[in-house]
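K.L.:
Mind having a look at this structure? Questions to follow.
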Amino acid sequence: MPEICTLKMPYCSKFNFIKHIPMTTIIETPRLILRRFTLEDALGVYEFGSNKEVQQYTGNKLLESPEEARELIENVFLKDYATYGYGRFAVIHKEDQKIIGFAGLKYIPEMDITDIGFRFLPEYWNKGIATEVSLEILAYGIKELQLKRIVGIAMPENGASCKVLEKIGLQFFKIDEYDGDGGAYRWYELLVNN
């Protein structure tokens, strides 16, 4: 995989951004560290990717083995970093020193959009983690990646994710399908003015 260039990270008033180098912290909050996934993270990805509660509102199938998790890391996460310079990041809970899910931005070329997304193990739900990390991901996308539009897409029955998207400043703008699956999803967006 090609080395991603080192970017100058701005200081954020709430939390610190750290240098954008593979295998190092991308974003740090008081409780969490976000960094790129590596192939060595397969067991952590398998833990949240095989959890029915985590996957129930994603449209993704459950991972059946750590090898499938490794393939996901290699064919999706690492590929996105190499192709677009960003993607979903591993979220490490500092106190527990473990991967608890993912969060980050994903470019979807078929729609020419960048989507903010997050998934966490159920024991970390309802603790403000999704909001805490998503605010910093938005700042990263706007300040570092110079994105002018970020969308969030959620199933209407996933009230918790819809609430987080609204809380971090995205505005609901339509109900539409996603990825041609014929479903009805809630679409949110944040438009960045210069």
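K.L.:
Step by step: first the residues of region 32-86, then only those that are aliphatic (A, V, I, L, M) and within 14 Å of K98 (Cα to Cα), then the one that is surrounded by the fewest Cβ atoms within 10 Å (Cβ to Cβ). Which residue is that?
P.N.:
L43
K.L.:
For region 97-110, which positions are under 17 Å from E132 (Cα atoms) and either among the β-branched types (V, I, T) or open to solvent by 20 Å² or more (accessible area, probe 1.4 Å) (or both)?
P.N.:
I99, I100, listed by residue number.
K.L.:
Sticking with this structure for a sec: Please list, ordered by first then second residue, the pairs with beta carbon atoms under 8 Å, 6 or more apart or interchain, first in region 136-149 and without any contact (Cβ under 8 Å) to a residue 60 or more places away in the chain, second part of a helix (DSSP H, G or I) and buried (at least 17 other Cβ atoms within 10 Å of the Cβ).
P.N.:
L147/G141
K.L.:
Report every pair of residues separated by at least 6 positions or lying on different chains whose Cβ atoms are under 8 Å apart, first residue within region 62-74 and more than 17 Å from K52 (Cα to Cα), second among the charged types (D, E, K, R) and not in a loop (DSSP other than H, G, I, E, B).
P.N.:
So the pair list comes out as I73/D41.
K.L.:
Moving on. Can you tell me which of (1) farther than 18 Å from L165 by Cβ; (2) among the hydroxyl-bearing types (S, T, Y); (3) surrounded by fewer than 21 Cβ atoms within 10 Å (Cβ to Cβ); (4) in contact with a helix residue (DSSP H, G or I) (Cβ under 9 Å, 6 or more places away or on another chain) is the one T131 doesn't meet?
P.N.:
The failed condition is (1).
K.L.:
Something else about it: Answer yes or no: is there a residue in region 144-154 that is in contact with a Lys or Arg (Cβ under 6 Å, 6 or more places away or on another chain), assigned to a strand (DSSP E or B) and either at pLDDT 95 or above or aliphatic (A, V, I, L, M) (or both).
P.N.:
Checked against the condition, which is being in contact with a Lys or Arg (Cβ under 6 Å, 6 or more places away or on another chain), assigned to a strand (DSSP E or B) and either at pLDDT 95 or above or aliphatic (A, V, I, L, M) (or both), region 144-154 yields at least one hit.
K.L.:
Might you check whether a residue that is in contact (Cβ under 8 Å) with a residue 24 or more places away in the chain, open to solvent by 30 Å² or more (accessible area, probe 1.4 Å) and over 26 Å from Y81 (Cα atoms) occurs anywhere in region 159-170?
P.N.:
Yes: one or more hits.
K.L.:
Assuming T131 fulfils every condition listed in (1) under 24 Å from L39 (Cβ atoms); (2) in contact with a Lys or Arg (Cβ under 7 Å, 6 or more places away or on another chain); (3) hydroxyl-bearing (S, T, Y) apart from one, which condition is it?
P.N.:
(1)
The values are calculated or read from the model by the stated rules, or taken from the named source; none is laboratory data. If you're wondering where the values come from, they're calculated on a predicted model, not measured in any experiment. Cβ: placed from backbone, ideal geometry, glycine included. Neighbour counts: every protein chain shown. Accessible surface is based on the protein model in full, side chains and every heavy atom, while ligands, DNA and RNA are left aside. Shrake-Rupley method; radii C 1.70, N 1.55, O 1.52, S 1.80 Å.
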